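The values are calculated or read from the model by the stated rules, or taken from the named source; none is laboratory data. Quantities reported herein were computed from a predicted structural model and do not represent experimental measurements. Methodologically, a virtual Cβ is constructed for each residue, glycine included, from the backbone with ideal geometry; neighbour enumeration extends over all protein chains shown. Note: accessible area is taken over every heavy atom of the protein model, side chains too, but ligands, DNA and RNA are not part of it. Shrake-Rupley method; radii C 1.70, N 1.55, O 1.52, S 1.80 Å.
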Amino acid sequence: MVTADAAAVAALENESLSPWTAAQIAALPEQKQYRARLCRAADGELVGWSCLLLAADEAELLKIAVPLARRRQGIGRALLADAVAGAARAGARRFFLEVREHNQAARALYAGAGFIEIGRRQGYYRQPADDALVLEKSLRGIYEKSA
Ligand SMILES: CC(C)(COP(=O)(O)OP(=O)(O)OC[C@H]1O[C@@H](n2cnc3c(N)ncnc32)[C@H](O)[C@@H]1OP(=O)(O)O)[C@@H](O)C(=O)NCCC(=O)NCCS
């Protein structure tokens, strides 16, 4: 991702709850601990994005979003698989994320990818209010050499 992509990503963010601002997104390319990935159609249209935070041997998925008109076509699953593989390649051993309790689409996506619930943050989200579920997927064994 480059700074010139920020406006398109911000427009995509605005289709979801708790969107990041264009200024937050424009700052990402300068912050090396963040790994932002864009998914484009053949004609260049932005059809999804993800943002991962890498720190020590942990990764946290901060964002994953697909435009309304492009949902249920497998893009979210592909972006999530890319984020997991990228985290493992970068040396992460644990992969975390937070999801709204009432976000059934995202929860189904994560459950299908093997994430398990490890905690709850009550009243974490606003507009609308919701609890955050903390999910984890272990990356041990991915990209590690067998003994
Ligand atoms: C969550 C999100 C990224 C999923 O993207 P997507 O491209 O539509 O997902 P996919 O087509 O790859 O779906 C993969 C699986 O997720 C689940 N899923 C996705 N959307 C779903 C829905 N609306 N209802 C139930 N399950 C759903 C299904 O298990 C699906 O597999 P299937 O199609 O074989 O049944 C998308 O809904 C989105 O951008 N939502 C707004 C942003 C957001 O909530 N991000 C997550 C924040 S934690």
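The set of residues from the range 30-50 being touching a helix residue (DSSP H, G or I) at 6+ places or on another chain (Cβ under 7 Å) and either open to solvent by less than 30 Å² (accessible area, probe 1.4 Å) or farther than 21 Å from A87 by Cβ (or both) comprises A36, L46, V47, G48, W49, S50.
Let's see how each residue does on (1) surrounded by 22 or more Cβ atoms within 10 Å (Cβ to Cβ); (2) not in a strand (DSSP E or B):
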{"site": "L52", "(1), (2)": "yes, no"}
{"site": "L61", "(1), (2)": "yes, no"}
{"site": "A69", "(1), (2)": "no, yes"}
{"site": "Q73", "(1), (2)": "no, yes"}
{"site": "G76", "(1), (2)": "yes, yes"}
{"site": "A83", "(1), (2)": "yes, yes"}
{"site": "A87", "(1), (2)": "yes, yes"}
{"site": "G91", "(1), (2)": "no, yes"}
{"site": "V99", "(1), (2)": "yes, no"}
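Kindly provide the set of residues from the range 1-26 that are hydrophobic (A, V, I, L, M, F, W, C), open to solvent by 40 Å² or more (accessible area, probe 1.4 Å) and farther than 21 Å from Q127 by Cα, ordered by number. Let's see the steps before the verdict.
Pass one, the range 1-26, residues hydrophobic (A, V, I, L, M, F, W, C): 1-2, 4, 6-12, 17, 20, 22-23, 25-26.
Keeping just the survivors that are open to solvent by 40 Å² or more (accessible area, probe 1.4 Å) gives 1-2, 4, 7-8, 11, 17, 20, 22-23.
M1, V2, A4, A7, A8, listed by residue number.
For the range 105-123, the criterion of a residue being open to solvent by 60 Å² or more (accessible area, probe 1.4 Å), closer than 25 Å to E45 by Cα and assigned to a helix (DSSP H, G or I) is satisfied by at least one position.
Taking the range 104-132 as the range and being without any contact (Cβ under 8 Å) to a residue 24 or more places away in the chain and within 9 Å of the ligand (Cβ to nearest atom) as the test, the residues that pass are Q104, A108, A111. Here L97, L52 are screened, and the one residue that is within 10 Å of the ligand (Cβ to nearest atom), among the hydrophobic types (A, V, I, L, M, F, W, C) and out of contact with any Gly (no Cβ under 6 Å at 6 or more places or on another chain) is L97. For the range 133-143, the count of residues that are part of a loop (DSSP other than H, G, I, E, B), more than 16 Å from the ligand (Cβ to nearest atom) and free of Cβ contacts under 8 Å to residues at least 40 places away in the same chain is at least one.
Annotation for the range 31-49: no member residue is outside any helix (DSSP H, G or I), touching a Phe, Trp or Tyr at 6+ places or on another chain (Cβ under 9 Å), without any contact (Cβ under 8 Å) to a residue 24 or more places away in the chain and more than 9 Å from the ligand (Cβ to nearest atom). When Q73 is tested against (1) over 24 Å from E15 (Cβ atoms); (2) within 11 Å of the ligand (Cβ to nearest atom), exactly one condition is not met: (1).
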